[in-house]
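The values are calculated or read from the model by the stated rules, or taken from the named source; none is laboratory data. What you are looking at is a predicted structure, and each value in this text was computed from that prediction instead of being measured. With ideal geometry, Cβ positions are generated from the backbone for all residues, glycine too; neighbour counts draw on all protein chains shown. Each accessible area value is taken on the protein alone, full model and side chains, heavy atoms only, with ligands, DNA and RNA left out. Shrake-Rupley method; radii C 1.70, N 1.55, O 1.52, S 1.80 Å.
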Amino acid sequence: MYSGIYRGGSYIKKIGQVILGLSIFLLIGTGLYYFLSSILQDSSMSVVIRVGIIGVILGLIILLYSLIKERMEDLKDDNSEY
């Protein structure tokens, strides 16, 4: 009855990973929102610095997304060999 859940704990691990991933995503997203809104509302900051900070953040997000996507594709390829 419980063999699928407790054998190797794969379902529990996946559920834990999803919850952890969503929680981290929410925390980082909220932090970025407040950080970017404070940068955009600060009139004393130079436009060049604003654009530079936003560019760095967007570049990091795109890089992180591409790395995660590549890692997921590698995991799919590794699993299909067995």
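Do you know which residues across the range 25-56 are open to solvent by less than 80 Å² (accessible area, probe 1.4 Å), assigned to a helix (DSSP H, G or I) and free of Cβ contacts under 8 Å to residues at least 12 places away in the same chain?
G29, T30, G31, S37, S38, R50, G52, G55 - these are the residues of the range 25-56 that are open to solvent by less than 80 Å² (accessible area, probe 1.4 Å), assigned to a helix (DSSP H, G or I) and free of Cβ contacts under 8 Å to residues at least 12 places away in the same chain.
Scan the range 57-82 for residues that are of a type in the set (A, V, I, L, M) and open to solvent by less than 90 Å² (accessible area, probe 1.4 Å) and jot them down. Can you show your working first?
So the first thing to find is which residues in the range 57-82 are of a type in the set (A, V, I, L, M), and the list is 57-58, 60-64, 67-68, 72, 75.
Listed by number, the residues that qualify are I57, I61, L75.
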